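Visitor: For reference, the structure I am asking about is given below.
The values are calculated or read from the model by the stated rules, or taken from the named source; none is laboratory data. What you are looking at is a predicted structure, and each value in this text was computed from that prediction instead of being measured. We place every Cβ from the backbone using ideal geometry, glycine too, and count neighbours over all the protein chains shown. These area figures cover heavy atoms from the full protein model, side chains too; ligands, DNA and RNA do not enter into them. Shrake-Rupley method; radii C 1.70, N 1.55, O 1.52, S 1.80 Å.
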Amino acid sequence: MRPELLAPARDRDCVLAAIENGADAVYFGLQVGFNARDRAVNFTLEELPDVMGLLHQRGMRGYVTLNTLAFPSELPMVEKTIRTLAETGVDAVLVQDLGVLQLVRAVCPDLAIHASTQMTLTSAECIAVAEQLGVERIVLARELAIDEIRAIRAGTHVALEAFVHGALCVAYSGQCLTSESLGGRSANRGQCAQACRLPFELVCDGRDMDLGPVKYLLSPQDLAAFELVPQLIDAGVSALKIEGRLKTAEYVANMTRHYRQAIDTAVAGRPVQFTPRQIEEMELSFSRGFSPGWLLGNDHKRLVPGISSANRGVLLGEVTQVRGQRVQVRLTRGIKAGDGVTFEGDRLAGLEQGGRVWAVYQGSQRLEASIDHGLVELTFVRDAVDFAQLWPGQQIWKTDDQELARRMRRSYTNADPQRRVPVTLTVRAVVGEPLCVEARTATGTVCEVRSDEPLSAARQRPVTGELLEEKLGRFGGTVYELDRLEAEIIGEPMVPMSVLGKVRNRLKELLETSGVPLPPRRIAPPPVLERLRAENRAERERAAQVAASGRDANSAPVAAPVRGTNSVLGEPELRVLCRTLAQLEAALSCGIRDVQVEFPDIRQYADAVSMAHASQAQIYLATPRIQKPNEVGLFRAMARHGADGILVRNFGGLTFFAAEGLPCVADFSFNAANDLTVHQLCRLGVLRVTASYDLNRDQLLDMVAASPPHWLEIVIHQHMPLFHMEHCVFCALLSPGTNHTNCGRPCDEHQVRLRDRLGLEHLLQADVGCRNTLYNAVAQSGAEVVPELLTAGVRHFRVELLEETTDHVRQTIDLYRDLLASRQSGKEVWRQLKAVNRVGVTRGTLEERRNPLAIL
């Protein structure tokens, strides 16, 4: 099987670079928003016809990223955008939001949907739900090993897409709230501030750990899986994806060219082995250091060395001496005049030196060509380097190669296209009839040209197939090339050279201007969103009637309300999520009768259920946020404990527990940010949906107004979960081992916090699957919005504990009870608890942009 090679594009030059260097498809975002790389240049809606026409002309596909969350007020713009995509021939859209997914399917059922990696689909069970909703391809989470991908392939028929190169997020895509919580810019809204690239200090059991030069504890090396392409193909991956919608066209050209070679080599049955020079060329386009990521399984030390987080290219050598305005270097890689270099230094403190090399000397000789060994002396453009900041033994990195960049640029700016479109010519040359030539391209374009006059019989040299092929097959100056010519010649006609030239030129003109026909598509008339919302309201009314009449709820398409869900008559319900048995005991002693628990050791769930039932309380158990192949056993173990329901955090858990007949509440990890998503989740069988943490006060109230309020559960107090990671910091820094098989489980023995640059110490915890979550050191309270939520009909509120003591648990519960009973103001609640006063922090897509890195 020959997999699709998928390249990123931030602008038209990137599209051309992908075309000319061997990509099969390109993915890109729009300036209108709703894409996960909001900082990229991106394309306007007006540019779409031209971009898609260019791609289709060259036999390629174009995919548009609509892979962020959409708020209720933004859905009309989303519908308009989807309509434009369908009309302009976009081949597929990448989607994260379930509501956007439903809108795409309703507007144009013929427009293919690919599930973005931000949908966090990590098992065949999760993928089955996406398939049910109309997804045709899954972009797999980057945290999956090849063996896990193979297991997923065995359990699904949906096409699988995997990343093979580029930057790695340390957190699961779609499950990272760090930029939002610390800086107010959500990764789920395309505004990631790359907090994982910042330095952190490790505090273990209250003491600072001296990690030497290791500062970037959460910054993975870049993925480079060119050698693993044969294994990925064998595992059943049908599309290989290069990350980089923020990267240059030269980067796109470089990576696309190398992975084109890797795929072609693998398909030919040969091992993929790049030369050191080839790898160096890839590193020079962009590299934080290359690694196989998670594809070969977890090796936490290899993934995050922690020495640097910036693009450094390749290690050039070591400074041996500084002499005036010259630096002597012992080389391990090649250098030449014009190359860019960086010296080892504290980048964040502004002490990192670097610049472009002016000249290279060996002894007294100035070198014109590259040299890759021995001692050399480098000089720099004036004032580029502060020589006082350099020292013997200092590492020097080559970050830029102008010659390589020029070569990559020529690959897509050359007037002679590298990628050509095959054309079949069908010629009918009959005496007494006009010469007729039909051109049919491999991309589906068809055009026909006839000569102005009928052909006469030849007196000396009748036309031949060879002559027709020679004269008509010249497509110079275009992207087309002759594949074959089929000629029907009757009666020995003569065709003048002038006629052949005129017909050929007209063919070239028609091929250039005809374009590739758009696929036939059913596009629903507007407004689709209003119709969907009307259908949703009708479903709600039917469900309410079924619940009120006591008839079989199976006749309703949406889950019927349960205890306490009457938005008019029911009293507000306060639920408490506990993370220790001591917290649970304290909550029950305060009279809380609806509790949720999340423990790193699920064996404690049996005791938790017993404690809750002894107090006549309902208890819901929280699943892990991630379910990988062969982890269904965790769900079976949870189901045996006799809990009243499940706080479910992934699609695999949702389907499993629904089949077991256990009530489910969809947690924040489903990223429900609009009313369409809420309805989708309820159709899948959940009783309530936890509102996304991406919603701020106004956006939350908008969603409450657009959704049945009794279907929503609002978290009004919590320590925001920042990073949720497959990467284990405990193993990487507190163990000689490399993964869970040999780490010795330091997470069971030590309390770890990560201190950021502001001095805040964020608690790190490992779950039952050894996945790490970093929690915000400061609690967040939505107390001030509670009165408005109550007025709007919301009755389900949740307080989440983290490491509160028994006394603090009681204080927190008492304050929020008083708030719900209108005995306490919201302002007094968050002040007494020393919490941050806010519900979510995300700004709208269309609001003013800031430099994302400036917020942290």
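Visitor: Examine segment 100-116 for a residue that is touching a Phe, Trp or Tyr at 6+ places or on another chain (Cβ under 6 Å), open to solvent by less than 30 Å² (accessible area, probe 1.4 Å) and not acidic (Asp, Glu), and state whether such a residue exists. Walk me through it before giving the result.
Guide: Step one: list which residues in segment 100-116 are touching a Phe, Trp or Tyr at 6+ places or on another chain (Cβ under 6 Å), which gives none.
There is no residue in segment 100-116 that is touching a Phe, Trp or Tyr at 6+ places or on another chain (Cβ under 6 Å), open to solvent by less than 30 Å² (accessible area, probe 1.4 Å) and not acidic (Asp, Glu).
Visitor: Is there any pair with a first residue in segment 636-665 that is within 17 Å of Phe599 (Cβ to Cβ) and in a loop (DSSP other than H, G, I, E, B) and a second that is among the charged types (D, E, K, R) and open to solvent by 10 Å² or more (accessible area, probe 1.4 Å) whose Cβ atoms are under 6 Å apart and which are 6 or more apart or on different chains, and what are they?
Guide: Arg649/Arg625
Visitor: Next question, about the same structure. Strands (runs of 3 or more DSSP E) wholly in segment 26-128 with at least 1 residues that are under 16 Å from the mean Cα position of the chain (by Cα) and not aliphatic (A, V, I, L, M) - which ones?
Guide: Working: elements: 61-66, 92-95, 112-115.
Hits in segment 26-128: 61-66, 112-115.
Visitor: Next question. Looking at segment 691-707, which of the residues that are open to solvent by less than 10 Å² (accessible area, probe 1.4 Å) and under 12 Å from Gly782 (Cα atoms) is farthest from the chain's Cα centre (by Cα)?
Guide: Going through the qualifying residues, I end up with Leu700.
Visitor: I would also like to ask the following. Can you tell me which residue within segment 757-776, out of those that are over 14 Å from Pro600 (Cα atoms) and buried (at least 20 other Cβ atoms within 10 Å of the Cβ), is farthest from the chain's Cα centre (by Cα)?
Guide: His762
Visitor: Same structure again: Can you pull out every residue in segment 730-751 that is within 30 Å of Val665 (Cα to Cα) and open to solvent by less than 50 Å² (accessible area, probe 1.4 Å)?
Guide: Cys747
Visitor: Turning to a different aspect of this structure: Does any residue of segment 212-228 turn out to be out of contact with any Leu (no Cβ under 6 Å at 6 or more places or on another chain), β-branched (Val, Ile, Thr) and over 26 Å from Val729 (Cα atoms)?
Guide: No, there is no match, as no residue in segment 212-228 is out of contact with any Leu (no Cβ under 6 Å at 6 or more places or on another chain), β-branched (Val, Ile, Thr) and over 26 Å from Val729 (Cα atoms).
Visitor: More than 22 Å from Gly782 (Cα to Cα), part of a loop (DSSP other than H, G, I, E, B) and in contact (Cβ under 8 Å) with a residue 12 or more places away in the chain, is that true of Arg753?
Guide: Answer is no for this residue.
Visitor: Step by step: first the residues of segment 619-635, then only those that are outside any loop (DSSP other than H, G, I, E, B) and either at pLDDT below 95 or not aromatic (Phe, Trp, Tyr) (or both), then the one that is nearest to Gln604 (Cα to Cα). Which residue is that?
Guide: If we take residues in segment 619-635 being outside any loop (DSSP other than H, G, I, E, B) and either at pLDDT below 95 or not aromatic (Phe, Trp, Tyr) (or both), then Leu621 is nearest to Gln604 (Cα to Cα).
Visitor: If I ask for residues that are over 15 Å from the mean Cα position of the chain (by Cα) and either assigned to a loop (DSSP other than H, G, I, E, B) or aliphatic (A, V, I, L, M) (or both), which ones from segment 171-190 would you list?
Guide: Leu182, Gly184, Arg185
Visitor: Still on this structure, I have one more. One residue is enough: does segment 212-232 have a residue meeting the conditions modelled with pLDDT of 95 or more and at positive phi?
Guide: no
Visitor: Among the residues of segment 234-251, are any buried (at least 17 other Cβ atoms within 10 Å of the Cβ), farther than 28 Å from Cys728 by Cα, modelled with pLDDT of 95 or more and of a type in the set (A, V, I, L, M)?
Guide: The answer is yes; a qualifying residue exists.
Okay, residues lined up against (1) more than 19 Å from Asp110 (Cα to Cα); (2) open to solvent by 30 Å² or more (accessible area, probe 1.4 Å):
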position	(1), (2)
Ala18	yes, no
Asn35	yes, no
Arg61	no, yes
Thr65	no, no
Phe71	yes, no
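Visitor: Next up: Considering only residues that are touching a helix residue (DSSP H, G or I) at 6+ places or on another chain (Cβ under 8 Å) and in a loop (DSSP other than H, G, I, E, B), which ones fall in segment 343-371?
Guide: Within segment 343-371, Gly345, Leu351, Gln353 meet the criteria.
Visitor: Could you tell me which numbered condition Arg260 fails, if it satisfies all but one of (1) buried (at least 22 other Cβ atoms within 10 Å of the Cβ); (2) at pLDDT 95 or above?
Guide: Every condition holds for Arg260 apart from (1).
Visitor: Is it true that some residue in segment 186-193 is out of contact with any Lys or Arg (no Cβ under 8 Å at 6 or more places or on another chain) and either open to solvent by 10 Å² or more (accessible area, probe 1.4 Å) or more than 27 Å from Leu140 (Cα to Cα) (or both)?
Guide: Yes; the residues of segment 186-193 include at least one that is out of contact with any Lys or Arg (no Cβ under 8 Å at 6 or more places or on another chain) and either open to solvent by 10 Å² or more (accessible area, probe 1.4 Å) or more than 27 Å from Leu140 (Cα to Cα) (or both).
Visitor: Taking into account only those residues within segment 156-186 that are touching a Phe, Trp or Tyr at 6+ places or on another chain (Cβ under 9 Å) and among the polar types (S, T, N, Q), which is modelled with the highest pLDDT?
Guide: Per the stated criteria, the residue is Gln175.
Visitor: Under 7 Å between Cβ atoms, which residue pairs at least 6 apart in sequence (or on different chains) link something in segment 594-609 that is under 13 Å from Asp767 (Cβ atoms) with a partner that is of a type in the set (D, E, K, R)?
Guide: Here the result reads Glu598/Arg579; Phe599/Arg579; Pro600/Asp767, each pair linking segment 594-609 to a residue that is of a type in the set (D, E, K, R).
Visitor: Collect the residues in segment 372-411 that are in a strand (DSSP E or B) and either open to solvent by less than 40 Å² (accessible area, probe 1.4 Å) or out of contact with any Asp or Glu (no Cβ under 7 Å at 6 or more places or on another chain) (or both), keeping them in residue-number order.
Guide: Gly374, Leu375, Val376, Glu377, Leu378, Thr379, Phe380, Ile396, Trp397, Lys398, Thr399, listed by residue number.
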